[in-house]
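Novice: Pasting a structure here, questions to come.
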Amino acid sequence: MPPSTGRRRKISLACEPCRVRKSRCDGGKPICATCQHRRLPLSRCVYTIEQNARMASNDEYISALHERIRQLEGAVRAQAESSQSSPQASGVPGDLGSRTGTPVRTTTEPPPEVAGAPSLRLPSPPATDTATRHVYCRDEAPKNQHARSVDSRITAMGTVASEDSLDGDITPRDEFYGNSSAASFIKETCNGVMTLNEVLNPPRSPPTRPRVGCAPSPRYWHNSASFTLPPRALADHLVARYFDRVFYLYPFIHRPSFDKAYRSLWEPAGLGHPPERPFADPDPDHSPFLGLGSSPNAGADSIVFHCALNAMFALGCHFSDWIGNDRDITALVFLNRSKSLMTLDFLESDPLGVVQALLIMTLFLQSTPFAGRCWNSVGIACRLAQGAGLHSESGGSGRPPLEKEMRRRVWHGCVVLDMLVSMTFGRPTMTTHASNVPLPSLTDEGDDARAAAGPEAPSRIGYFTQSIRLSMILEKILDRVYQPWRGKSRRDEAHHSSNFDAIIELDSDLASFEASVPGFLAWTGEGVIPASGFELLGLMQRNVLKGRFFYVRLMLHRPLLSGLWTSHRQQTSGAAAGGSGSDSSCSANALRSSLTVQCGSSCVRCAMDLLDLTYSTFEAQHGTAWWWSALYASTAGLVLVMALSCPLLHTSLDIHSLETSWGVCRAILAQLANLNASVQKSLDLLDRFYSLTCADTSKSFCLNLHNT
């Protein structure tokens, strides 16, 4: 007998296709087996019963769910196809976006993909709800949107990023880089070399794969949606690195307010608390507006706060040991997130918070090849600060003391960065006019015990006050020596190099500044031993201030060194052409020649001291940022090239020490070239200048010493 089979289970309702075909229907949902076998779409397999109001509502809801599922499935397929065809799928940390709106709490342990070299995973599929969208989106802007920045041959620190067309103008036609910029200094040296060698045609090396530090092609830049955060452990780490390495050099945000707002980002939905003022002021109209994390329109859920936070993440990447070789790529992802929030709504938000966010953005942009963005960012910050009245304390008698203090810090932050960026670009400053804003207090939040310890006690923000004082001297140097408003004519250059009175006076100001630096930051003597817990921070601040001082003094004497070197090259070229060379400006006046040589020697000694300091700190946690180390080494290297190729300086300098410093310069740049491709370009340029100008001079000088 054939095996018995069970009776077919009766179902209460068959789907419409099975009822029409009179086929067996198993009643499966969301699609029965028969419809699935016939490969009918999900929308065809529907079950219809006698309708009433309640059932119609349920059917409508189910249809909406089906439509939602289809949308999500289509989005997943589209995302998978785009990630497979994208060359960035294996090069961008796609798992950086893990939170939108209100996240759940996560542990603070570093995830496996963060510790060491992070694993790079594809981003999550996009959702259609704008409140939960957090994946990367393709930048639909035209390809040439970033072309000018990417193709620019000048970095945001004013150095040359390309060695092409050195015999022509190294700066783009629509960009101006004045006498104080490193690009202008390189051009002066290049012109001097061209005078002797006529035409410089270096052999072209085959194209190589771009280094990590290169600016990516615009099509690899992604726009992320608003208010995206990385995993909690990575976010905490990057914020901590920002406060360890950046905040105490530029303390223009109120840290308690920021910390409170930052912690609120990770609270689960429904458990958040309304933002509180730092002061329990009975009059809300007089409660302090402190900017990021505190002021209206600058709280944890504002675009201003998230713009600044992503810029902090980007800065933290440069000082992180978690990210490894992907730090530049990861930093650019955070930069793009921050950039996407800079809309008109951003500029119309809380002015103090917007200025703070732009200053943080400027600090990061100094490490990029986007010179124009860096210049514009600090410029907008200064304009907004002036519009908010930060440059004057008139009419602010009713403000709480803490609000006054934060406004002072933000304004002086604008002044310091304006001076530094104007110096690196050789352009006029925006905050040149004298301001009556007092210097910030030396008392940090949570450091109230210092007030009773005396003025020489270590202050965590003591560097900031000294940096402001040094910026005031730098302003005078830019105005009286480089005079950016005068242009770049030959007559102006001669005027710059002969302004002895201003140079002597400003050198005296620098000497007075060096002698008046507080003991816990001073480098001329033994200094005061820092308090417990202040050692690493105090050492970093001392090294950064010392390096900035050496560079400013080098900048003061650099025009006279350039004039001396140019005069020597012209005299040598004239003698080679059969002329007497007796018309040299240095030989025409003995006093002028002596002063020029002394100032040139001072410039060279500052370069040697700067290289020694940079070499001892550029790989440590207590040194300046790598982009400043690269600028210091590049500029000091050009000074050494001039000194080694100008025998007029050899009587007052030890040529063996010069050669040693030259080796130190090359070692610094060779190591930093692993972080950024433009540093390798600077090293290549210095090597070429050295081989063209210094080799024969050094051999001749050594031979003369041996004969005597």
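Novice: Name the residues whose placed amide hydrogens come within less than 5 Å of the amide hydrogen of Leu229, ignoring near sequence neighbours (fewer than 5 apart) on the same chain.
Specialist: Here Ser98, Arg99 satisfy the definition.
Novice: Let me ask something else about it. Order these peptides, 312-319, 261-268, 562-569, 24-31, by their mean beta-carbon neighbour count within 10 angstrom, highest first.
Specialist: Per-residue mean Cβ counts within 10 Å order the peptides as 312-319, 562-569, 261-268, 24-31.
Novice: Beta carbons within 10 angstrom, averaged per residue: use that to sort the peptides 426-432, 506-512, highest first.
Specialist: Peptide ranking by packing, descending: 426-432, 506-512.
Novice: Separate question: Rank by packing, highest mean first: peptides 380-386, 323-329, 251-257, with packing defined as the count of other Cβ atoms within 10 Å averaged across residues. Walk me through the numbers before you get to the answer.
Specialist: Working: 380-386: 20.3, 323-329: 17.7, 251-257: 22.3.
The peptides rank, most packed first, as 251-257, 380-386, 323-329.
Novice: Using just the C-alpha positions of segment 601-655 as equal point scatterers, what log10 of I(q)/I(0) does the Debye formula give at each q in 0.23, 0.25, 0.26 1/Å?
Specialist: So the normalised log intensities work out to -0.82, -0.91, -0.95.
Novice: Provide Asp479, Asp444, Asp345 in ascending order of the number of other Cβ atoms located within 10 Å of each residue's Cβ, fewest first.
Specialist: With the sparsest Cβ surroundings first, the list reads Asp345, Asp479, Asp444.
Novice: What nm value, rounded to one decimal, do you get for the distance between Leu591 and Phe500 when each label is placed 7 Å out toward the C-beta?
Specialist: Simple spin-label model gives 0.6 nm for this pair.
We did not get these values from a lab; they are worked out from the coordinates using the rules stated. Here the structure is a predicted model, which is why all the values come from computation and not from measurement. Because the Cβ atoms are built from the backbone with ideal geometry, glycine has one as well, and the counts that use them run over all protein chains shown.
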